[in-house]
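Note sheet for the following structure.
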Amino acid sequence: MEWEVVIGLEVHVQLATESKLFSGASTRFGAAPNTQACAIDLAMPGTLPVPNKEAFRHAVMFGLAMNAEIGRRSVFERKNYFYPDLPKGYQTTQLAEPIVGPGEIEIHLEDGSSRKVRLHHAHLEEDAGKSLHEDFHGMSGIDLNRAGTPLIEIVSEPDLRSAAEAVAYLKKLHSIVTYLGISDGDMSQGSMRCDANVSVRLKGEKELGTRTEIKNVNSFRFVERAIKVEAERQIDLLEDGGTVTQETRLYDADKNETRSMRSKEVANDYRYFPCPDLLPVELSEDYIEQLRGELPELPDAKSARFASEYGLSAYDADQLTQERVLADYFETVAGKSGEPKLAANWMMGELAALLNREEKSIDQSPVSAEQLAGLIARIVDGTISSKIAKQVFEAMANGEGDADTVIEQRGLKQVSDTGAIEQMIDEVIAGSAKQVENYRNADEAKRPKMMGYFVGQVMKASKGQANPQMINKILKDKLDALL
Amino acid sequence: MHQLTIAEIIRGLREREFSSVEITRQLLTRIEQLDGDLNSFITTTPEQALQQAGAADQRLAAGDAPLLCGVPIAHKDIFCTHGVRTSCGSKMLDNFVPPYDAHVVEQLQAAGAVSLGKTNMDEFAMGSSNETSFYGPVKNPWNPEHVPGGSSGGSAAAVAAQLVPGATATDTGGSIRQPAALTGTTGLKPTYGRVSRWGMIAFASSLDQGGPIARTAEDVAHLLTAMAGHDRRDSTSLDRPVPDFAASLNDDIRGLRIGVPKEYFSEGLNAEAAARVQDALKEYERLGAQLVEISLPHTHLAVPAYYVIAPAEASANLSRFDGVRYGYRCENPADLRDLYMRSRGEGFGEEVKRRILVGAYALSAGYYDAYYNKAQQVRRLIKQDFVQAFEQVDVVMGPTAPNPAFRLNEKTDDPVAMYLEDIYTISANLAGLPAMSLPCGQAGGLPVGLQIIGNYLDEGRMLNAAHQFQQATDWHRATAPFAQAAGEQ
């Protein structure tokens with residue numbers, strides 16, 4: 001039996017506004033508990049919400065970037081439930097009339113293919129506080145700093161068909177919100193949180209299978225793993241003749257498994273109704289058009305431009321535009337070195353490996369764009385070989401200064417002096433009688449391959465600094481003269 | 001001095017007939033001596049009042065005093081007062097001291113008024129008799145065996161008993177007008193949005209509106225001028241200029257077109273009360289106004305629609321009282337669920353719990369369309385009735401309440417009978433229209449109220465009409481026996 005996995009994602013993105021969705025309290029992360037919660041956030045009696053205009057601006061820009069309909073009229077509703085970190089006893093959110101309606105984006109997969117993913121809608125809502133269950137001796141602590149922080153909840157249609165597609169979609173959302181500057185997108189701090197609805201069905205089946213919802217998976221890698229393991233669980237269950245129960249599940253990263261979260265609880269009735277403290281918000285065409293005009297170049301457009309303007313492959317262009325800082329870095333390197341393809345290769349090779357190894361993001365890179373451009377310039381003008389360049393790169397990463405300084409201080413300048421190279425070649429030939437004999441006796445066709453040995457020896461003798469093109473040419477001439 | 005109206009106090013203070021400290025001290029003494037029986041105050045703030053009065057006297061002496069400078073008032077205990085316990089008539093908030101003032105409190109303070117304390121009220125403004133208060137019922141100064149109406153029963157009774165010349169109040173379904181009618185005082189619920197709800201503890205947000213109760217339309221006009229105004233902290237607050245409502249009191253009302261809805265004189269209306277209202281309408285005719293019979297065909301749907309919408313909003317508004325951050329918390333909660341259940345179970349009274357249950361039911365899955373949505377449709381129809389009526393008439397007049405003040409405990413076991421007390425007042429809340437009540441006679445020795453409903457933002461015209469009536473009649477000068485008997489003290 002061939003199974004198809006069907007995934008829809010609900011992604012909460014914390015908006016980068018200075019103040020909360022309905023109060024003037026700061027949204028800064030990491031402050032001492034309850035120091036950023038005002039009377040409104042504490043739901044003191046008689047306090048009232050006032051909507052944050054900037055949050056609306058962020059949400060509309062997001063909608064425009066998603067090619068989505070913008071709600072000309074949006075309505076906040078109350079979602080009622082009791083929890084200690086929900087001070088009002090209801091969450092102010094949107095339901096029937098959200099700020100962002102249906103839309104569509106394209107995601108790009110590693111095999112070079114792409115597919116469209118439909119957005120069901122996105123709505124504005126306030127975050128809850130945090131319940132802290134440790135260090136309180138059998139009691140719980142409540143931190144309301146986060147209470148009232150603006151979120152957009154982005155709900156996709158069930159259009160994703162694999163864990164990899166889900167991750168590609170999530171990365172796309174991440175790049176859009178960070179390009180727009182409406183969120184820092186920091187998953188480790190909870191600025192972007194993901195719930196995944198997962199179901200499976202036999203391939204060709206039209207009806208959707210029963211889904212489970214995996215709550216709060218907070219890294220790209222865990223999203224991928226959680227979906228995989230949950231889909232496998234459902235398939236095993238169905239193949240053994242069982243049925244999937246619609247429920248909320250939690251992903252345990254340590255055990256790499258999902259488990260039921262609150263199956264015993266009866267379904268919540270949130271008793272939604274329009275919030276009478278807030279009037280419907282109506283947006284004018286002028287306002288929306290003004291924001292459309294303020295949109296920055298978005299990842300897809302930038303990727304297309306990188307391909308055409310710099311001659312990059314679609315894959316490279318896509319990789320380099322996933323993050324705005326990465327794209328900016330590339331444009332600096334390409335511009336200053338005049339070598340976009342080398343810039344792309346270095347960034348996706350050595351630089352990516354370095355950042356990965358040191359667990360740093362591009363904006364924390366130990367090698368600046370200017371330094372990398374300088375290095376590439378030295379390769380191009382023949383000062384160093386590509387091989388030596390890697391040494392120079394490592395040295396720059398260790399803080400030894402820019403490429404010219406490293407080359408100078410370490411004496412890595414490429415040897416392009418014909419006399420010196422000839423001398424080294426003569427010495428190698430003289431010390432390799434057996435290999436020379438073999439070379440002479442070999443078929444014409446095999447000789448170029450056999451030359452590799454001699455090249456290697458010369459390189460070794462020059463400590464890698466001899467100009468490889470010159471070695472090749474002189475060596476061939478000398479060996480051929482022996483024939 | 002306690003007989004003085006606000007207008008008279010304003011003049012007296014300016015003409016140095018007495019000081020603010022003098023009148024404040026006298027009223028505080030009166031409250032101390034008399035309110036034990038009446039129970040119209042939950043909290044008095046004598047020290048703060050005398051301090052404010054002293055400061056007011058200095059400003060009056062300096063000659064830069066705002067209009068209400070030195071005038072004693074009281075606040076309904078639904079308005080948050082910085083540093084002064086604000087209970088909302090509930091055990092739930094018996095220990096609650098707000099760290100902020102309501103906008104209304106700020107406004108009156110800025111206008112120079114001196115607050116004597118906080119008045120009694122039905123718990124969370126839910127009631128029409130002031131019998132649901134955690135602090136006990138308020139007595140009607142006209143007859144202590146009768147209720148003063150509710151939910152602003154404390155404010156109305158305190159004004160009728162001449163403990164204070166004016167007080168703030170709130171009206172969600174008639175809570176200013178009905179107690180004003182039952183105590184022979186004048187009270188006005190402004191257009192929804194005229195007065196900020198910031199710091200006014202919410203009952204039903206889309207219906208709640210603050211307003212004044214005093215003894216004359218002129219005094220109400222002075223208080224309203226101070227209370228009204230745009231406030232950015234309330235998203236439903238209207239950003240419209242506030243006129244001096246006293247400026248139009250003496251406008252000519254000849255030619256005023258008064259709509260008289262036939263639905264307001266149907267069965268259920270006390271015959272004597274009906275006769276007094278008819279007398280008042282005749283008086284208006286004598287004053288040159290023109291009576292026009294109109295129909296508000298959806299009137300009979302107002303009470304049922306209200307008792308879906310108001311409890312629905314209340315059920316969410318009162319969720320914050322959970323024993324976690326402030327207010328009442330039960331002893332030794334076993335776990336979270338126990339904390340919630342007992343804090344709310346013990347902290348709220350019967351009527352509040354009844355309305356939370358009704359509201360949660362009306363909003364629950366499967367019932368939402370049948371109740372909440374249907375009630376919202378009715379609300380639009382009721383509003384439409386008035387929009388059409390105001391194409392023909394300038395104001396609408398009728399009775400405020402179907403009966404004069406009823407006896408204590410008479411309706412406490414029959415919630416529906418209690419709810420029907422608001423049958424004539426609820427429509428104005430559903431439509432968001434301004435409406436007021438003024439005394440227009442007596443039935444069985446108890447006051448009867450005339451209701452005036454105005455068009456949106458037309459409080460000035462209503463007050464003008466009320467003032468002209470009070471210039472021509474003496475009903476507003478009739479003093480409650482309690483105030484009279486105590487007057488000698």
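The values are calculated or read from the model by the stated rules, or taken from the named source; none is laboratory data. Just so you know, these numbers come straight off a predicted model, no measurement behind them. Here the Cβ is made from the backbone with ideal geometry for all residues, glycine too, and neighbour counts use every protein chain on show.
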Would you check which residues across segment B:307-347 are hydrophobic (A, V, I, L, M, F, W, C) and under 22 Å from residue A:270 (Cα atoms) and list them? B:308, B:309, B:310, B:312, B:314, B:316, B:318, B:321, B:324, B:336, B:339, B:341
Before we move on, is residue A:472 part of a helix (DSSP H, G or I), without any contact (Cβ under 8 Å) to a residue 24 or more places away in the chain and surrounded by 15 or more Cβ atoms within 10 Å (Cβ to Cβ)? yes
Only one of these is surrounded by 15 or more Cβ atoms within 10 Å (Cβ to Cβ) and outside any helix (DSSP H, G or I): A:399, A:464. Name it. A:464
Run down A:411, A:399 and say which single residue is at pLDDT below 90 and over 26 Å from the mean Cα position of the chain (by Cα). A:411
Specify which of the listed residues (B:201, B:213) is buried (at least 24 other Cβ atoms within 10 Å of the Cβ) and within 11 Å of the chain's Cα centre (by Cα). B:213
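Residues checked against (1) under 22 Å from residue B:208 (Cα atoms); (2) modelled with pLDDT under 95; (3) within 11 Å of chain A (Cβ to nearest Cβ); (4) in contact with a Lys or Arg (Cβ under 6 Å, 6 or more places away or on another chain):
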| site | (1), (2), (3), (4) |
| --- | --- |
| B:307 | yes, no, no, no |
| B:310 | yes, no, yes, no |
| B:313 | yes, no, yes, no |
| B:319 | yes, no, yes, no |
| B:323 | no, no, yes, yes |
| B:331 | no, no, no, no |
| B:349 | yes, no, no, no |
| B:352 | yes, no, no, no |
Residues being away from chain A (no Cβ under 13 Å) and part of a strand (DSSP E or B): count how many of those fall in segment B:180-239. 8
Residue list for segment B:82-97, filter: assigned to a helix (DSSP H, G or I) and either of a type in the set (Asp, Glu) or within 10 Å of another protein chain (Cβ to nearest Cβ) (or both): B:92, B:93
Can you tell me which residue among A:173, A:250, A:237 is at pLDDT below 95 and either in the same structural domain as residue A:17 (by TED's automatic domain parsing) or part of a helix (DSSP H, G or I) (or both)? A:250
Hits in segment B:1-57 - residues which are part of a helix (DSSP H, G or I), closer than 26 Å to residue B:149 by Cα and of a type outside the set (S, T, N, Q): B:6, B:7, B:27, B:28, B:30, B:31, B:32, B:34, B:35, B:36, B:37, B:38
Scan (1) surrounded by fewer than 21 Cβ atoms within 10 Å (Cβ to Cβ); (2) at pLDDT 95 or above; (3) in contact with a Lys or Arg (Cβ under 9 Å, 6 or more places away or on another chain); (4) not hydrophobic (A, V, I, L, M, F, W, C) for the single condition residue A:19 breaks and write down its number. (3)
Tally the residues that are over 26 Å from residue A:23 (Cα atoms) and surrounded by fewer than 16 Cβ atoms within 10 Å (Cβ to Cβ), restricting the search to segment B:216-247. 3
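Rundown of residues vs (1) within 18 Å of residue A:108 (Cβ to Cβ); (2) assigned to a helix (DSSP H, G or I); (3) touching a helix residue (DSSP H, G or I) at 6+ places or on another chain (Cβ under 8 Å); (4) assigned by TED's automatic domain parsing to the domain that holds residue A:176, yes/no style:
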site: A:331; (1), (2), (3), (4): no, yes, no, no
site: A:349; (1), (2), (3), (4): no, yes, no, no
site: A:352; (1), (2), (3), (4): yes, yes, no, no
site: A:356; (1), (2), (3), (4): no, yes, no, no
site: A:367; (1), (2), (3), (4): no, no, yes, no
site: A:384; (1), (2), (3), (4): no, no, yes, no
More than 21 Å from residue A:410 (Cα to Cα) and without any contact (Cβ under 8 Å) to a residue 12 or more places away in the chain, is that true of residue A:317? no
Name the pairs: first residue in segment B:418-443 and part of a helix (DSSP H, G or I), second residue polar (S, T, N, Q), Cβ to Cβ under 7 Å, at least 6 apart or on different chains? B:418/B:128; B:418/B:129; B:421/B:128; B:421/B:178; B:422/B:128; B:422/B:178; B:427/B:299; B:429/B:172
Has segment A:425-446 got any residue that is assigned to a loop (DSSP other than H, G, I, E, B) and within 30 Å of residue A:371 (Cβ to Cβ)? no
The condition from (1) within 30 Å of residue B:314 (Cα to Cα); (2) out of contact with any helix residue (DSSP H, G or I) (no Cβ under 7 Å at 6 or more places or on another chain); (3) surrounded by 21 or more Cβ atoms within 10 Å (Cβ to Cβ) that residue A:78 misses is numbered (2)
Those residues of segment A:63-85 which are more than 14 Å from every other protein chain (Cβ to nearest Cβ), within 32 Å of the chain's Cα centre (by Cα) and part of a strand (DSSP E or B) amount to A:70
Failed condition for residue A:304, given (1) of a type outside the set (Phe, Trp, Tyr); (2) part of a loop (DSSP other than H, G, I, E, B); (3) not assigned by TED's automatic domain parsing to the domain that holds residue A:45, with all others met? (2)
So, in segment B:98-127, of the ones that are over 29 Å from residue B:346 (Cβ atoms) and small (Gly, Ala, Ser), which residue ends up farthest from the other protein chains (Cβ to nearest Cβ)? B:112
Taking the condition more than 22 Å from the chain's Cα centre (by Cα) and within 22 Å of residue B:251 (Cβ to Cβ), does residue B:369 pass? no
Single condition residue A:254 does not satisfy, out of (1) touching a Leu at 6+ places or on another chain (Cβ under 9 Å); (2) of a type outside the set (A, V, I, L, M, F, W, C); (3) more than 18 Å from residue A:74 (Cα to Cα): (1)
Residue that is closer than 30 Å to residue B:201 by Cα and among the aromatic types (Phe, Trp, Tyr), where the choices are A:306, A:330, A:273: A:273
Out of all the residues in segment B:171-189, is one or more over 14 Å from the mean Cα position of the chain (by Cα) and among the hydrophobic types (A, V, I, L, M, F, W, C)? no
Answer residue from segment B:98-155, given it is of a type in the set (Ser, Thr, Tyr) and part of a loop (DSSP other than H, G, I, E, B) and is nearest to residue B:57 (Cα to Cα) among those: B:100
Considering segment B:333-347, residues that are facing chain A (nearest Cβ under 10 Å) and either crowded, with 18+ Cβ neighbours inside 10 Å or touching a residue at least 24 places away in the same chain (Cβ under 8 Å) (or both), and then whichever is farthest from residue B:308 (Cα to Cα), we arrive at B:339
Picking from A:53, A:88, A:116, which residue would you name as being more than 14 Å from chain B (Cβ to nearest Cβ) and not hydroxyl-bearing (Ser, Thr, Tyr)? A:116
Hits in segment B:363-407 (condition: assigned to a loop (DSSP other than H, G, I, E, B) and touching a His at 6+ places or on another chain (Cβ under 7 Å)): B:405, B:406
